[in-house]
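Here's the structure, in structure tokens; my notes come after.
Values in this text are rule-based calculations from the coordinates and carry no lab data. What you see is a predicted model; the values in this text were computed from it and never measured. Positions of Cβ are generated from backbone atoms using ideal geometry, with glycine treated the same way; all protein chains shown enter the neighbour counts.
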Amino acid sequence: MKPHWLFLSGALLLQAVPAAAQTGAQTSTPTPPERFFKQPPGTDYYLANYSEYEAYLQKLATQSDRMKLVDIGKSAEGRSQWMAIVSSPANLAKLDEYRAIAEKLARAHGVDEAQARALAAQGKAVVWIDAGMHATETVTSQGQIQVLYRMLTQSDPETMRMLDDCIILFAHDNPDGMELVANWYMRSADPKKREMATLPRLYQKYIGHDNNRDSFMAAMPETENVNRVLFRQWYPQIVYNQHQTGPEGMVVFVPPFRDPFNFNYDPIVMAQLNEVGFAMHSRLISEGKAGSGTRSAAPYSTWHNGMERSVAYFHNSIGLLTEIIGGPTPAKIPLVPSTQLPRGDEMMPIGPRDWHLQDSLDYQWTLDRAVIDYASRNRERLLFNIWKMGANSIEKGSRTAGPSPRPRSTGWPTPRRWTKGAAPRRSIPASTRRCCRPRPSAIRAPISSPPTSAICRPRSPSSTR
């Protein structure tokens, strides 16, 4: 008999399919954000809310052949949670084929190396880039509006290569929070009086900021929607989860994370995480965007298992976290003397200066482009390596498979003694009370398990998002 979770997974997948909103007929060039919103997203003292964001996505879907809009499920308050799939028109016409390739390679079961290499050559890199998980971290949602428009309208060689090589899933993690925070911020007619500090309730209906602790348990509908896309439908090789705020005296924290990394993951995923992180740093630096820090610049690690980007590691996806400064109310970067001398973890320091929301959005655009560019240039390697990590997991799990050890008579009660009306449990002889301490022979004994690797979740002090 199949495990019940297989039936549940299938049901969830079938549930999501009818919710897909097909791309409408392309009638005109995409509308620029400044012509759609009350003010251009990115201007000081202005936040677009989710209703406006949703309407803009629906309009873009009718105007561009590079985008397909999908409703991935309902939020806790009943709003549609939208995902924009962006790629070339030719790729969008074959989404089912490329999704099937990504699934076969990620699951790895029944696929040998030759088949994996052939599938990797045929497939497209799949990249997830989200926004808005923590609703008061407003840069990500406002920035996604600009990123989408530019990806749908630019026709430079780099953009066209990215669209040909990649399928990018632009999603929103917290529709209710974006609506609440933007409306609260914009409630005052006087821009100088706008603020978020007095927000009257949680920006996720039940758990607020802890929505980024829910990716393991998936107790919230938004998390369930996201996990269904990530681990039942699309299996992206890169999962980019964007946050705020950056380290003091800097602009943005970008991976790699501090050591030691979680050694329970496949080392391939950690090696590629470092590659993508430094590609992001180098692109910022090459564009003259100073103030990025890594590793020791902040306490973030790979040890917490409940976050979106860290649960991705257990699925052999590269989980990225960035933490950037900024917001609709202008601010200043302070002088922090310890950040002013270039070093390996802060290669291009930034000095004190005024800072505006559009500054953060410009950095976010560069970071998103760096991730997509890395995926484009390493398309086949990303696809092959996610298969390799899956094959490694299956092989590792298979080494532990075998017959169950013969139970010893230790005086512990048998299952029938727990049934109603059973005789009272007898006392455990003193000579056997040490059996709760595993003997070396018991540790070495093979155990019966399916051919998949066990997931070890050690506890370690770490900073969480």
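Overview of results
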| quantity | calculated |
| --- | --- |
| Global form of segment 331-387, assessed from the alpha-carbon gyration tensor, a/c cut-off 1.5 | oblate |
| Dmax and Rg, reported as Rg then Dmax, of segment 286-376 (C-alpha, Å) | 15.0, 41 |
| Three-way shape label, segment 217-289, alpha-carbon gyration tensor, a/c 1.5 | prolate |
| Viscosity 1.567 mPa s, temperature 4 °C, Stokes-Einstein D of segment 42-153 from Kirkwood C-alpha radius, µm²/s | 80 |
| Taking N as its residue count, the alpha carbon Rg of segment 126-278 over 2.2 N^0.38 Å | 1.18 |
| Chymotrypsin sites (Phe, Trp or Tyr not before Pro) restricted to segment 185-228 and DSSP loop, no more than 15 other C-beta within 10 Å | 206 |
| Separation between Cα centres of segment 34-95 and segment 149-206, rounded to whole Å | 10 |
| Whether segment 130-207 is rounded, prolate or oblate, judged on the alpha carbon gyration tensor where a/c under 1.5 counts as rounded | oblate |
| Extension gain (nm, one decimal) between residue 154 and residue 192, 0.36 nm per residue minus Cα-Cα | 10.2 nm |
| Hydrodynamic radius by Kirkwood, which averages 1/r over all alpha carbon pairs of segment 27-88, in angstrom | 12.8 |
| Peptides 380-386, 192-198, 339-345 ordered by average Cβ neighbours within 10 Å, highest first | 380-386, 339-345, 192-198 |
| Span per principal axis, largest first, for the Cα atoms of segment 238-339 (Å) | 40, 27, 24 |
